[in-house]
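We did not get these values from a lab; they are worked out from the coordinates using the rules stated. All values reported here derive from a predicted model rather than from experimental measurement. We place every Cβ from the backbone using ideal geometry, glycine too, and count neighbours over all the protein chains shown.
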Amino acid sequence: MPKCNSKGIDLIKLSEGLRLSAYLCPAGVWTIGYGTTKGVKPGMKITVQEAEELLLNDMRVFENGVTALTKTVKLTSNQFSALVSFAYNLGLTALKDSTLMKRILANTYDPDIDRQFKKWVYAGGRILPGLVNRRAAESKLYFSPDEPKKKAK
């Protein structure tokens, strides 16, 4: 199964930020760590190590989900990682049902994919600058060529 690359993980961490105490996100969902929502309750506190573990557990879910959604196309590592970041933020159902996914399944290099990423910038009915930045970064990563694999010496 493909794994989200370091650029994708860094994008998720930067976009989500690290919070060691539970908080309500702009969408009104209790969140902790790097955007973990499952099982989070008001008053929860975690360590940095626990935040890393929660992130890795969450990543597996989204990596598996993106793999299942894209099994009929070949994605680059950067394309896969951008989609994992998108799904991590918005959920697999949003990705599955999106025009973004329809475009990707039809042609992984469709230039309209950039516009489709950038439509997902609303939370609570308003545009959030953080989401504008995240979608732009996801689109940039999606369309960036993978770095060449280093040859073993």
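Please report, in debye to the nearest 20, how large the charge dipole of region 6-143 is about its Cα centre when each Lys and Arg carries +1 at its beta carbon and each Asp and Glu carries -1 there. Before the final figure, lay out each step's value.
Details: 19 positive and 12 negative charges, 64 e Å.
Result for region 6-143 is approximately 300 debye, rounded to the nearest 20.
With unit charges on the beta carbon (Lys/Arg positive, Asp/Glu negative), name the residue among Thr67, Tyr109, Asn78 whose Cα is farthest towards the positive pole of the charge dipole of the chain.
Checked the options; the winner is Tyr109.
Residues in region 39-72 near a label at Leu18, defined as backbone nitrogen under 17 Å from the 7 Å Cα→Cβ point?
45-59
If region 18-96 were replaced by its equivalent ellipsoid, with semi-axes equal to the square roots of 5 times the Cα gyration tensor eigenvalues, what would those be, largest first, whole Å? Walk me through the intermediate numbers first.
Details: eigenvalues 137, 34, 16 Å².
Calculated on Cα positions only, the semi-axes equal 26, 13, 9 Å.
Among (1) 0.97; (2) 0.95; (3) 1.01, which is the computed Rg/Rh (Cα atoms, Kirkwood Rh)?
(1)
Hey, quick one: spin label on Thr37, modelled 7 Å out along Cα-Cβ, who in region 67-102 has an amide N within reach, i.e. under 15 Å?
Residues 85-97 qualify, since their backbone N sits under 15 Å from the label point.
Do any trypsin sites (Lys or Arg not before Pro) in region 48-95 lie in a loop, going by DSSP, with at most 16 other beta-carbon atoms within 10 Å of their beta carbon, and if so which?
Details: sites: Arg60, Lys71, Lys74; in loops: Lys71, Lys74.
Passing sites in region 48-95 are Lys71, Lys74.
Would you mind checking the radius of gyration and Dmax of region 81-121 based on alpha-carbon positions, in Å?
Considering region 81-121 through its Cα atoms, Rg and Dmax are 9.3, 23 Å.
List the chymotrypsin sites (Phe, Trp or Tyr not before Pro) within region 79-126 that fall in a DSSP loop (any state other than H, G, I, E or B) and whose Cβ has at most 14 other Cβ atoms within 10 Å.
On the way: sites: Phe80, Phe86, Tyr88, Tyr109, Phe117, Trp120, Tyr122; in loops: Tyr109, Trp120.
Here the sparse-neighbourhood loop sites are Tyr109.
Can you tell me, using C-alpha contacts under 8 Å and at least 6 residues apart, the relative contact order of the chain as a whole percent? Write out the running numbers ahead of the final one.
Details: 196 pairs, mean separation 36.9, N = 153.
It rounds to 24 percent for the chain.
Give a quick list of GluC sites (Glu not before Pro) in region 39-116 that DSSP marks as loop, anything other than H, G, I, E or B, with at most 15 other Cβ atoms within 10 Å. Walk me through the numbers before you get to the answer.
Values: sites: Glu50, Glu52, Glu53, Glu63; in loops: none.
Answer by residue number: there is no such site.
Using the 10 angstrom Cβ neighbour count as an exposure proxy, how do Ile127, Ile104 rank, fewest first?
Working: Ile127 9, Ile104 22.
With the sparsest Cβ surroundings first, the list reads Ile127, Ile104.
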